[in-house]
Amino acid sequence: MAGQLWVTDSLGGYLYSDNLSAELRQAVQPMCRFRQFCDVKDGAHQGLGKGDTFHWNVFSDIATAGTTLVETDTMPESNFTITQGTMTITEAGNSVPYTGKLDDLSEQPVKEIIHKVLKNDARKAFDSLAHTQFAATPLRVAPTGGTSTTALTLATDGTCAVTNNVALQKDHVKLIVDLMKERNIPAFSGDDYYSIARPSTYRTLKNNLESLHQYVDKGFGMIMSGEIGRYEGVRFIEQTNIGVGVGSTAGAGAWSNAKSDTVLFFGEDTVAEAIAIPEEIRGRIPTDFGRSRGIAWYYLGSDSV
């Protein structure tokens, strides 16, 4: 049985030792960072009995823009196009089996501990699934020549050929924001875009901004999980769920010179999430006359760009 056992100290025996502390201590775990920015399409698909394929409509701008009219002219007519996105509903989950003997003899609450461990695992799993879709963006930028702070090189096919060799700085943020606005990428909230990266990637930027006032009063009421500040219409989020170099077209080499790992900037309409069964904790029906038990987290849904 691959799970929690009484006979192995590191798998359960330590739950009852002489003079064991009554305090429960868990390994430090980060909360979800990427998943909080997914667009949950639950209005059309939440629930069961609707098949495993989910569609949503994407509406274009009007084909011919409106303009001024002469009094005797007829009203111009135009149209817009509709395309569809699609995703397939899949299962996700993990479990921890344990023995009845462990549960019966442990001084500390086995079920409570397993619940916490599984919740932490679910958070990281959902963030990883969401990040995979965020990283699928076809738009990628890098400092021109790898070191410029005044120009960016844009790739629109999902692959950036430039090897970065400079830390992210406030001038890069300005260039990225201008590029996003000129491509008519809508803001995520109000007039603000968002950015997510690892704490070390933001270090030079944070040093740049130490002397600047990062928030107005209104901003404090809008802080998302992991948010550290706001600059040039971008609200910055730190995350540690996703490892260094993950999602970069240059792989781990993006951080080999300790300059800057991949940074995600985004506006509205990010990643779609369809939910058939929201994440939940489930208990396994005991078998072997109650001696074999288990707890799992389970989810039925999907993420897609």
Fill in: Test: residue in region 83-91 that is surrounded by 15 or more Cβ atoms within 10 Å (Cβ to Cβ) and either under 25 Å from the mean Cα position of the chain (by Cα) or among the basic types (Lys, Arg) (or both)
yes
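Is there a residue being closer than 18 Å to Arg293 by Cβ and not in a strand (DSSP E or B) anywhere in region 70-89?
Within region 70-89, the first condition is being closer than 18 Å to Arg293 by Cβ, and the residues that meet it are none.
Checked region 70-89: no residue is closer than 18 Å to Arg293 by Cβ and not in a strand (DSSP E or B).
Sort out for me the helices (runs of 4 or more DSSP H) sitting completely within region 93-197 that have 2 or more residues that are touching a residue at least 60 places away in the same chain (Cβ under 8 Å), within 30 Å of Ile295 (Cα to Cα) and out of contact with any helix residue (DSSP H, G or I) (no Cβ under 8 Å at 6 or more places or on another chain). Break it down into steps so the answer makes sense when it comes.
On the way: elements: 100-105, 110-134, 170-182.
By residue number, 100-105, 110-134.
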Item to complete: Inspect region 162-181 for any residue being of a type outside the set (Asp, Glu) and within 19 Å of the chain's Cα centre (by Cα) and give the result as yes or no.
Response: no
Worksheet entry | Yes/no for Val173 being buried (at least 16 other Cβ atoms within 10 Å of the Cβ) and touching a Pro at 6+ places or on another chain (Cβ under 6 Å) | no
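Every read-out reported here was derived from the displayed coordinates using simple, explicitly stated rules and does not represent laboratory data. Fair warning: this is a prediction, and the values are worked out from it, not measured in the lab. Note that we place each Cβ from the backbone using ideal geometry, even for glycine, and neighbour counts take in every protein chain shown.
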